[in-house]
Amino acid sequence: MKFAFIIDSCLVKSYYVKNGKSYTYENNEIYVNHNSLSPESMVGMWSYPFIFEGCFLNWSEWGDNLPDYDLEVIIVAIEKDFKNFNVSKLRKKYPNAVILGMIKEIFLGNVTEFGHTIDVESYHHKARTEFLNECDGVFQCFPEISTSPLIIYKKNVKYQLNIYHFQLM
């Protein structure tokens, strides 16, 4: 396996793609979840493993025991637990991989009566900025950075925020 999409913690179980179908790691059975159109297709970012015949790893399920792969490319979003999950651990485990930081959730940290809002002084915003700067590159999936709320990262992240739209497989 050469590609992994990794998120620090979420509701989706870890899965791998083999012969165009998704399978769970826990029992190697066909995997379908709320993001699936079928075992052969998921929407949005969940389709990345299908494009590369790779895997999705919910890091919280694995802890420090991520699977032994010789990965070439990792797309990672760390947005909840910056202490236990970090780029240094990925570099140690997968020294040959290019690590691309992904912005999954627009806002982190500041929850008001109107929902999540920008708070550039929050711990989560600062930690995400640090995480993105530890990666080899950064991307987001919104069409125009100049009109996106993510414009706040443009001056604090050392990489250009490249746009890669989600694919529908």
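Rule-based calculations on the coordinates, nothing more; no lab input. Keep in mind it's a predicted model, so treat the numbers as computed, not measured.
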22 Å Cα-Cα threshold exceeded, pairs from 80/126; 104/126; 18/89; 21/92; 21/104; 2/126: 18/89; 21/92; 21/104; 2/126
Candidate aspartates and glutamates for bridging to residue 83, where Cα separation is under 17 Å - those fewer than 8 sequence places away on the same chain excluded: 8, 61, 64, 130, 134
